[in-house]
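Below is one structure, written out as structure tokens; comments come after it.
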Amino acid sequence: MYLGFRRFKAGSIGIFVLLISLLAALTGCDRTVADSPYKVIDTGYWPAQVNPLAEPLWLDNERIIFTSTESLVPGKPPYSGKVWNMATGKLTSTPLDSVRCAREGQVVYTKKDPSSNQWVYSRGPLESAKEHPAPGADMRMDEFFDCDWVPKESAGQFGFARYPAKSKLRGDNYVEILEPRTRLAEHQKRPYDREQEKKTGDVGSKGKAIYHVSPDDQGREVPIRYWTYSEFLKAYISAGYYDPKDPETRSFWILQRNGGLKEIPYPKAMLEGRNDIYPVKLGYLVQYSDGKYTETDPGDRGLYLMQGKQVQRLIVGAVHSVQISPDGCKAAFVHARNTNEYFSLKNPYRTIKLINFCQGGATP
């Protein structure tokens with residue numbers, strides 16, 4: 001009798017464990033290894049995000065700048081610049097309220113001239129930046145790569161009306177778009193697109209692009225993708241949607257300024273969907289912004305650390321404005337546990353958080 005009960009109990013526990021394992025697999029809990037030991041540091045500071053493309057920004061390897069209220073909690077203008085030193089833990093204020101970009105110690109910010117109602121640009125170290133007007137009407141401010149004035153004819157990576165076209169990167173580097181990409185990846189196709197493919201047999205163009213180190217360089221062919229710049233690697237990064245069933249999305253690319261091109265396969269543990277890649281000293285920080293989520297449930301959205309075949313979850317929730325320190329040791333970003341909290345003006349609300357990959361779980 002007792003032995004029969006033990007057998008029944010052991011069998012029930014085995015079935016229960018099996019069911020839990022199956023549920024975990026169905027909900028995606030087996031897609032990453034255990035959470036990373038790297039401590040996520042919450043500053044507690046609310047960013048106003050006057051310029052969401054540039055908040056927060058690294059001034060150097062220790063200091064970030066962002067805009068907020070005087071009390072550093074959600075509120076209406078006026079806003080001012082706040083500089084937080086990760087090494088000392090000290091916070092200072094500046095009168096700046098519109099920092100546009102920061103690159104290699106050079107900061108560009110704007111202030112409105114009350115007499116002319118025009119924006120005045122300044123550039124240089126934060127403490128000694130000087131007025132930096134456009135050299136001519138044919139110039140534009142390049143906030144993505146050079147953090148300086150560049151010719152308007154270099155249209156950047158968007159808005160091409162005719163081909164071939166040039167997409168300016170850093171300095172003299174540029175990508176020449178010879179043939180635009182019109183072919184849709186499988187995850188982009190709607191029923192209408194698939195129906196048209198069957199009718200016409202036209203699957204679109206894969207596109208063609210040539211990277212040039214300088215205007216005199218003959219260049220080399222590169223994948224036509226959106227390129228960002230890593231100050232840590234001194235190289236360009238091209239990433240995007242990951243679909244294990246689509247060979248064209250199974251890797252991301254590193255493009256050296258001298259033209260060296262490296263393809264890096266995603267590990268099998270990578271989550272399918274939109275992935276933005278940020279090189280850091282220990283590997284690659286990945287911002288995942290896809291999958292199923294609601295205003296209160298973030299799903300799998302968040303930050304992950306990719307090291308070879310390993311993918312470790314760092315933090316889940318609504319993540320924006322990821323910035324890496326020049327030495328590749330630290331990441332700063334804006335985070336809230338979900339979308340509702342991200343836009344909330346009451347506690348809990350979005351805050352600036354940091355991770356120091358060079359100190360592990362140690363305090364800043």
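The values are calculated or read from the model by the stated rules, or taken from the named source; none is laboratory data. These numbers come from a predicted model, not from an experiment. Every residue, glycine among them, receives a Cβ derived from its backbone with ideal geometry; neighbour counts consider all protein chains shown. Remember, those area values only see protein heavy atoms, side chains included, never the ligands or the DNA or RNA. Shrake-Rupley method; radii C 1.70, N 1.55, O 1.52, S 1.80 Å.
Numbers at a glance
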quantity	calculated
Segment 47-104: trypsin sites (Lys or Arg not before Pro) falling in loop per DSSP and having at most 12 other Cβ within 10 Å	Lys90
Accessible carbon and sulfur surface of segment 240-351 relative to its total accessible area, %, 1.4 Å	49
Partner lysines for Lys208 [C-alpha distance under 27 Å; skip if fewer than 8 residues away on the same chain]	Lys152, Lys166, Lys168, Lys189, Lys198, Lys199, Lys234, Lys245, Lys262
Descending semi-axes in whole angstrom, ellipsoid equivalent of segment 249-317, from the Cα gyration tensor	25, 12, 11
Surface/4 estimate of mean projected area, convex hull on alpha-carbon atoms of segment 230-364, nm²	8.8
Mean separation of Cα contacts under 8 Å, 6 or more apart, over the residue count of segment 157-276: relative contact order %	18
Solvent-accessible area per residue for segment 69-126 (1.4 angstrom probe, square angstrom)	54
At most 11 other Cβ within 10 Å, DSSP loop - trypsin sites (Lys or Arg not before Pro), segment 260-364	Lys268, Lys292, Lys346
Rounded to the nearest 20 debye, dipole of segment 34-96 from Cβ charges on Lys, Arg, Asp, Glu	140
Qualifying chymotrypsin sites (Phe, Trp or Tyr not before Pro) for segment 304-364 [loop in DSSP, other Cβ within 10 Å: at most 13]	Phe343
Accessible area (Å², per residue) of segment 213-364, counting only protein heavy atoms and a probe of 1.4 Å	46
